[in-house]
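The values are calculated or read from the model by the stated rules, or taken from the named source; none is laboratory data. For clarity, every value in this text was computed on a predicted model and none was experimentally measured. No Cβ is skipped: glycine too gets one built from the backbone with ideal geometry, and neighbour counts run over all protein chains shown.
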Amino acid sequence: MKTRDFENARWVRDNQKISFRHKSAIDLIASDSGASAMSVLDLGCGDGLLLSLLKDRGIIGKGLDLSEEGVEKAKSKGIDASVFDFSAKLPFPNGAFDIVTSLDVLEHLYDPDNLLKEAVRVSKISVIICVPNFNSLPARLQVLFGLTPENNMPNKGHIYWFNYSILKNMALDNRLVFKELRVNTIMENRFFAGKIFKLLARIWPSLFALSFVVKLEKQTT
């Protein structure tokens, strides 16, 4: 099955639900001064959920996605979205958008570094990305007991396996700094255990984070 066919089938079947990555991205965008006047490009916009949430806050956004089905769903919400092959150069000039987002997209690409470079090129202020942690504690335990980790299941469509070290090195290679990092972890809704695991995830994200949402900015020196 071709990647486009896989993504089309997924968007015919599913709709996004507001999750940790959406909430974190919105907070990080809103943390910039004058966020309501910001222009945002969402790479891998899918059905346009993030852009729809930003639109409700008066933030202008445009989306690109490989899937025609996803783009049609986004357009039905009044989102400016277009179909795009992410192996190509983005069709925008340098610094065309204040902020570029790409949530749970890079792990679906054979060459995520290429898209990150393009995201940096067309952004003025920052790039916000989210990727799952393939080396999380649950994943390690599942491998230990001979099970396939959730993120490695065929139905996920994951091609490139990220962990904290890979993410940091990719950022450094593109002369980017971690302006802010947010992580989620296991048992977050349990009062006592949740507090412990949230603390551990902040101290040791490579092991206890389930996914990373990071705000990246260009190095000034």
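Can we say Asp42 is at pLDDT 95 or above, touching a strand residue (DSSP E or B) at 6+ places or on another chain (Cβ under 8 Å) and within 22 Å of Ala119 (Cα to Cα)?
Working: at pLDDT 95 or above: yes; touching a strand residue (DSSP E or B) at 6+ places or on another chain (Cβ under 8 Å): yes; within 22 Å of Ala119 (Cα to Cα): yes.
In short, yes.
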One residue is enough: does the stretch 58-74 have a residue meeting the conditions surrounded by fewer than 22 Cβ atoms within 10 Å (Cβ to Cβ), out of contact with any Leu (no Cβ under 9 Å at 6 or more places or on another chain) and polar (S, T, N, Q)?
no
Extreme residue, surrounded by the most Cβ atoms within 10 Å (Cβ to Cβ), among residues of the stretch 170-186 that are without any contact (Cβ under 8 Å) to a residue 60 or more places away in the chain and not in a strand (DSSP E or B)
Thr185
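Taking the condition buried (at least 16 other Cβ atoms within 10 Å of the Cβ), modelled with pLDDT of 95 or more and out of contact with any helix residue (DSSP H, G or I) (no Cβ under 8 Å at 6 or more places or on another chain), does Val214 pass? Please lay out each step first, then the result.
Working: buried (at least 16 other Cβ atoms within 10 Å of the Cβ): yes; modelled with pLDDT of 95 or more: yes; out of contact with any helix residue (DSSP H, G or I) (no Cβ under 8 Å at 6 or more places or on another chain): no.
Taking the combined requirement at face value, the residue does not satisfy it.
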Report the residue count in the stretch 63-99 for those that are in a strand (DSSP E or B), over 20 Å from Val213 (Cα atoms) and charged (D, E, K, R).
1
Kindly check whether there is at least one residue in the stretch 187-210 that is of a type in the set (Val, Ile, Thr), more than 21 Å from Ser123 (Cβ to Cβ) and touching a residue at least 24 places away in the same chain (Cβ under 8 Å).
no
Go through the stretch 141-169 and give me each residue that's among the aliphatic types (A, V, I, L, M) and either assigned to a loop (DSSP other than H, G, I, E, B) or in contact with an Asp or Glu (Cβ under 6 Å, 6 or more places away or on another chain) (or both).
Leu147, Met153, Ile159
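From the list Asp80, Asp65, Asp5, Asp98, exactly one residue is in contact with a helix residue (DSSP H, G or I) (Cβ under 6 Å, 6 or more places away or on another chain) and over 27 Å from Glu188 (Cα atoms). Which is it? Give the steps one after another, and end with the answer.
Details: Asp80 fails: in contact with a helix residue (DSSP H, G or I) (Cβ under 6 Å, 6 or more places away or on another chain); Asp5 fails: in contact with a helix residue (DSSP H, G or I) (Cβ under 6 Å, 6 or more places away or on another chain); Asp98 fails: in contact with a helix residue (DSSP H, G or I) (Cβ under 6 Å, 6 or more places away or on another chain).
Asp65 is the lone residue from the list that is in contact with a helix residue (DSSP H, G or I) (Cβ under 6 Å, 6 or more places away or on another chain) and over 27 Å from Glu188 (Cα atoms).
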Condition met for Ser36 (at pLDDT 95 or above and part of a helix (DSSP H, G or I)):
no
Need pairs with beta-carbon distance below 9 Å; first residue closer than 13 Å to Leu66 by Cα and within the stretch 85-112, second part of a loop (DSSP other than H, G, I, E, B) and hydroxyl-bearing (Ser, Thr, Tyr); sequence gap 6+ or separate chains.
Ser87/Tyr110; Leu106/Tyr160; His108/Tyr160; Leu109/Ser87; Leu109/Tyr160
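Considering only residues that are more than 22 Å from Ala25 (Cβ to Cβ) and of a type outside the set (Phe, Trp, Tyr), look in the stretch 176-192 and name the one that is modelled with the lowest pLDDT.
The first filter runs over the stretch 176-192 and keeps only residues more than 22 Å from Ala25 (Cβ to Cβ), leaving 187, 190-192.
Next cut, of a type outside the set (Phe, Trp, Tyr) only: 187, 190.
Working: Met187: 89, Arg190: 84.
Among them, the one singled out is Arg190.
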So Val131 passes all but one of these: (1) within 30 Å of Pro149 (Cβ to Cβ); (2) modelled with pLDDT under 95; (3) not small (Gly, Ala, Ser). Which condition number does it fail?
(2)
What is the residue count in the stretch 1-20 for residues that are surrounded by 16 or more Cβ atoms within 10 Å (Cβ to Cβ) and of a type in the set (Ser, Thr, Tyr)?
1
